[in-house]
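Note sheet for the following structure.
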């Protein structure tokens, strides 16, 4: 049996960062394994026709956390990029989040002006107001606007994304859908917004570039768990998989992403267009916008949400509901029992992290923050 002190399962952002911290802080060897044939997890990208394509859908890095930004900046140069997203609503491209300019795209000028005045009279400029607040307003026009945003922006997209009936959508989730009392048309408002200049894969490669780190791809944990003896393991896979699904499988949503090449310079007006009403896909993404890459061809992806099926597709989105959280907590108890056993002779210690390990829909900066925090606590 092979013996290692540190084993990291998963070579996405979480796994790569933990491995780098072990090698840099502890000066110890670390073995990283991943069942895929590439590093980077879901941020993996590659070049085609001179265009950087994101294999698992679009990733635009954004954060207000300077520590996270400074850490990643050691491993990449950045291409500063303000993400702008539009939605195809009533046959028109409309800014998302829905803002003051959006009013004039979908309503007649007189009605748009009337709604804008009421919003500015009732709410602070540059604020995001949940539609629940508009629905609870005594003003009929603001109630109408809330219903319009719910129906046209939120409902159809969510039904496709999560595969649920409209009546099964948690009202508290829909209530958080905002209108932006602003003309700011950026999708994110974080201080730092950028994409790695040479791609995410290169950034991960740089993070892993340490003689103390060994990476083995096409290596599934379930196939080697009885062949590798480790002292400490950082597991970034799905926590139910770690325990052989003994309490049942945690549900996820997945994506069928269809890539198409076009023999023309551009196909759409911007990097991302959402389709809450029309078509079976939820969004189309044109990748050459991200790094302003020049090519006489263009590549788009179209995302079709679907159920996750083990061995058939990838886990993308944990499904947040009460039953799934109860199931997740059962696995946390199993982990606690396993680690408590260390005190009675079991030499192994296991930590879980990342979107799958924590069963939470993290943004990239949250993934990095959590990995750095865990490293500070445990190393």
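The values are calculated or read from the model by the stated rules, or taken from the named source; none is laboratory data. None of the values given here were measured: they were computed from a predicted structure. Quick reminder, even Gly has a Cβ in these numbers, built from the backbone with ideal geometry, and neighbours come from all protein chains shown.
Results for (1) out of contact with any strand residue (DSSP E or B) (no Cβ under 9 Å at 6 or more places or on another chain); (2) assigned to a strand (DSSP E or B); (3) within 15 Å of residue 249 (Cβ to Cβ), shown as yes or no for each residue.
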{"position": "284", "(1), (2), (3)": "no, yes, no"}
{"position": "288", "(1), (2), (3)": "no, no, no"}
{"position": "296", "(1), (2), (3)": "yes, no, no"}
{"position": "301", "(1), (2), (3)": "no, yes, no"}
{"position": "310", "(1), (2), (3)": "yes, no, yes"}
{"position": "315", "(1), (2), (3)": "no, no, yes"}
{"position": "320", "(1), (2), (3)": "yes, no, no"}
{"position": "325", "(1), (2), (3)": "yes, no, yes"}
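Results for (1) crowded, with 16+ Cβ neighbours inside 10 Å; (2) out of contact with any strand residue (DSSP E or B) (no Cβ under 7 Å at 6 or more places or on another chain), shown as yes or no for each residue.
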{"residue": "97", "(1), (2)": "yes, no"}
{"residue": "141", "(1), (2)": "no, yes"}
{"residue": "150", "(1), (2)": "yes, yes"}
{"residue": "153", "(1), (2)": "yes, no"}
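For segment 53-70, taking the residues that are closer than 18 Å to residue 258 by Cβ and in a strand (DSSP E or B), the one that is nearest to the chain's Cα centre (by Cα) is identified as 54.
Yes/no matrix, rows are residues, columns are (1) within 26 Å of residue 188 (Cβ to Cβ); (2) modelled with pLDDT under 90; (3) assigned by TED's automatic domain parsing to the domain that holds residue 106:
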position: 121; (1), (2), (3): no, no, yes
position: 124; (1), (2), (3): yes, no, yes
position: 127; (1), (2), (3): yes, no, yes
position: 138; (1), (2), (3): no, no, yes
position: 145; (1), (2), (3): yes, no, yes
position: 155; (1), (2), (3): yes, yes, yes
position: 158; (1), (2), (3): yes, yes, yes
position: 162; (1), (2), (3): yes, yes, yes
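Just for segment 210-224: of the residues that are touching a helix residue (DSSP H, G or I) at 6+ places or on another chain (Cβ under 9 Å) and exposed (fewer than 14 other Cβ atoms within 10 Å of the Cβ), which one is nearest to residue 12 (Cα to Cα)? Per the stated criteria, the residue is 216. In summary, residue 371 fulfils each of the numbered conditions (1) modelled with pLDDT of 95 or more; (2) assigned to a loop (DSSP other than H, G, I, E, B) with the single exception of condition (2). Taken over segment 238-249, the criterion of being under 22 Å from the mean Cα position of the chain (by Cα) and surrounded by fewer than 17 Cβ atoms within 10 Å (Cβ to Cβ) is satisfied by 249 alone.
Every residue, every condition in (1) assigned to a helix (DSSP H, G or I); (2) more than 28 Å from residue 368 (Cβ to Cβ), yes or no:
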site: 133; (1), (2): yes, yes
site: 183; (1), (2): no, yes
site: 206; (1), (2): yes, no
site: 215; (1), (2): no, no
site: 222; (1), (2): yes, no
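The condition of being in contact with a helix residue (DSSP H, G or I) (Cβ under 8 Å, 6 or more places away or on another chain) and modelled with pLDDT of 90 or more holds for residue 351.
Going by the structure shown, is residue 330 surrounded by 13 or more Cβ atoms within 10 Å (Cβ to Cβ) and either assigned by TED's automatic domain parsing to the domain that holds residue 153 or at pLDDT 95 or above (or both)?
On the way: surrounded by 13 or more Cβ atoms within 10 Å (Cβ to Cβ): yes; either assigned by TED's automatic domain parsing to the domain that holds residue 153 or at pLDDT 95 or above (or both): yes.
The answer is yes for residue 330.
Between 310, 280, 292, 229, the distinction of being surrounded by fewer than 20 Cβ atoms within 10 Å (Cβ to Cβ) and under 20 Å from residue 154 (Cα atoms) belongs to 280 only.
Among the residues of segment 250-273, what is the count of those that are in contact with a helix residue (DSSP H, G or I) (Cβ under 7 Å, 6 or more places away or on another chain), under 17 Å from residue 297 (Cβ atoms) and surrounded by fewer than 17 Cβ atoms within 10 Å (Cβ to Cβ)? Count: 0.
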